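Engineer: So that we are looking at the same thing, I have put the structure below in structure tokens.
The values are calculated or read from the model by the stated rules, or taken from the named source; none is laboratory data. Just so you know, these numbers come straight off a predicted model, no measurement behind them. Don't worry about glycine lacking a Cβ; one is built from the backbone with ideal geometry, like all the others, and counts go over all protein chains shown. Note: accessible area is taken over every heavy atom of the protein model, side chains too, but ligands, DNA and RNA are not part of it. Shrake-Rupley method; radii C 1.70, N 1.55, O 1.52, S 1.80 Å.
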Amino acid sequence: MKLLNVFLATSALTLFAGQANAVDLEFYFPVAVGGAAADTIQSLTEEYVANNPDVSIEAIYTGSYADTTTKAITAVRGGNAPQLIISLSTDMYTFIDEDMIVAWDSYVTDEEQKSWIGGFYPAFMANSQTEGKTWGIPFQRSTPVLYWNKEAFEKAGLDPDQAPANWDEMVEMGKKLTVKDDSGNVTQWGVHIPSSGFPSWLWTGIVAGNGGKLADDTGKNVTFNSDAAVGALEALVALSAEDAVMAPGILDWGGTPKAFFEGQAAMIWTTTGNLTNVRTNAPFDFGVGFLPGLKQNGAPTGGGNFYLLKGSTEEELQAAADFVKWATAPEQAAKWTIATGYVAPRPDVWETETMKEYVKDFPQALVARDQLDYAVAELSTFEGPKVTQLLNSALESAITGQTAPKEALDGAQAEADAILSAYR
């Protein structure tokens, strides 16, 4: 491979070009939230290379998660794969099926197996391990959380420091927070749960809060039409159809923070990866809380893992693994979390002085971490894109009133079973 590093100054490139034994690495990374994610990855990469002159790394921004997955698959099939990518944790089974990733276990010592791999939150490892092997390393991981506008709460006569404790409270508060003008048009909705693109992620949280899960840990079986799942979809549909606290139709994922900033919604559900974005841009005081559950606390994990791709030398893959060990170490992970709002993926990160000072000033950052105690794995199966799209289409059909929730989920279950039967 050529020595490439778009993030380094010309003088540094010249210096590294002179390193006869340099290991040249590439990695692809996506950005799925607002804020400083790309700049922070650039900064971390530069810092590592500056302190490891025998390694050169070209960090390549590859667009959305979907774009990154597609480009990685294409690169592997074309024989020019990078050593490393950040891609969705739910891509694990797809990548295994494509035979394009290698397990991390071969690139860690026995001690690192315990202290490093064993040091990540179990909730994040649920989408990172299968059949006794570790395929993904948690990095830009998240859970969805509830954000609320404290000023809007106060105007509605609600306690601005008190989030809804459960689904029923969210609906009751939402009714007080839904505001109409003199013509009867809604100017502020009580709650906004986005449903464009990948509605299944947030809906997984509603299912978890209703006591259910959507899949087992083999990637081969789903339970889209369980009683808990049907009840969760009925509750989501009712927010618009019956409770009148949420705008009807498909609500935009990317525009959700903007709707919050502009006062169009008093409460929103979105990723904790938007935490820094909201902190920077919200023109009002806001709170962060657990997702309100129908029966209990519950949320899905989400976000991206590091993966090692096949097609490189053992030396290159070991160098890539060493970079990831460094990037996920406490001080570096703390910088990443503070810059983006993603959840620091290891308990030891929260013990650094950097994080202690951060949460002392900004305790909202602790909410997503604490919610991990109630988190379930994000939906992940073999033939993941197909199976997930079946579910997303069913959800959209129900949300838009085209199909009754149970009928929509029964259809998705039958089609998913037909696909997954080949893997059983």
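Engineer: For residues that are of a type in the set (A, V, I, L, M, F, W, C) and over 21 Å from residue 252 (Cβ atoms), scanning just the stretch 380-407, find the one that is surrounded by the fewest Cβ atoms within 10 Å (Cβ to Cβ).
Structural biologist: Looking at residues that are of a type in the set (A, V, I, L, M, F, W, C) and over 21 Å from residue 252 (Cβ atoms), I get 404.
Engineer: Next question, about the same structure. Which condition number does residue 403 fail, the rest of (1) closer than 25 Å to residue 290 by Cα; (2) of a type in the set (S, T, N, Q); (3) free of Cβ contacts under 8 Å to residues at least 60 places away in the same chain being met?
Structural biologist: Every condition holds for residue 403 apart from (1).
Engineer: Of 165, 244, 229, 156, which residue is out of contact with any Asp or Glu (no Cβ under 9 Å at 6 or more places or on another chain), of a type in the set (A, V, I, L, M, F, W, C) and on the phi > 0 side of the Ramachandran plot?
Structural biologist: 244
Engineer: Scanning the stretch 225-245 for residues that are part of a helix (DSSP H, G or I) and open to solvent by less than 10 Å² (accessible area, probe 1.4 Å), which turns out farthest from residue 130 (Cα to Cα)?
Structural biologist: Going through the qualifying residues, I end up with 239.
Engineer: Counting only residues that are in contact (Cβ under 8 Å) with a residue 40 or more places away in the chain and β-branched (Val, Ile, Thr), how many does the stretch 160-179 have?
Structural biologist: The qualifying residues number 2.
Engineer: Given the residues 276, 270, which is the only one that is in a strand (DSSP E or B), touching a helix residue (DSSP H, G or I) at 6+ places or on another chain (Cβ under 6 Å) and open to solvent by less than 30 Å² (accessible area, probe 1.4 Å)?
Structural biologist: It is 270.
Engineer: Answer yes if at least one residue in the stretch 225-236 is farther than 30 Å from residue 285 by Cβ, touching a residue at least 40 places away in the same chain (Cβ under 8 Å) and of a type in the set (S, T, N, Q), and no otherwise.
Structural biologist: Checking the stretch 225-236: at least one residue is farther than 30 Å from residue 285 by Cβ, touching a residue at least 40 places away in the same chain (Cβ under 8 Å) and of a type in the set (S, T, N, Q).
Engineer: Tally up the residues in the stretch 336-377 that are open to solvent by less than 30 Å² (accessible area, probe 1.4 Å) and under 28 Å from residue 218 (Cβ atoms), please.
Structural biologist: The number of residues fulfilling the criteria is 9.
Engineer: If you don't mind, there's one more thing I want to ask. Test residue 254 against the stated conditions and say whether it is outside any helix (DSSP H, G or I) and crowded, with 17+ Cβ neighbours inside 10 Å.
Structural biologist: When the stated conditions are applied, residue 254 does not pass them.
Engineer: Check whether at least one residue in the stretch 134-148 is over 25 Å from residue 26 (Cα atoms), crowded, with 21+ Cβ neighbours inside 10 Å, out of contact with any His (no Cβ under 8 Å at 6 or more places or on another chain) and aromatic (Phe, Trp, Tyr), and report yes or no.
Structural biologist: Yes, the stretch 134-148 contains a residue that is over 25 Å from residue 26 (Cα atoms), crowded, with 21+ Cβ neighbours inside 10 Å, out of contact with any His (no Cβ under 8 Å at 6 or more places or on another chain) and aromatic (Phe, Trp, Tyr).
Engineer: Also, quick follow-up: Given the stretch 128-224, what helices (runs of 4 or more DSSP H) lie entirely inside it while holding 1 or more residues that are touching a Lys or Arg at 6+ places or on another chain (Cβ under 6 Å)?
Structural biologist: On the way: elements: 150-155, 167-177, 199-208.
In the stretch 128-224, there are no helices (runs of 4 or more DSSP H) which contain 1 or more residues that are touching a Lys or Arg at 6+ places or on another chain (Cβ under 6 Å).
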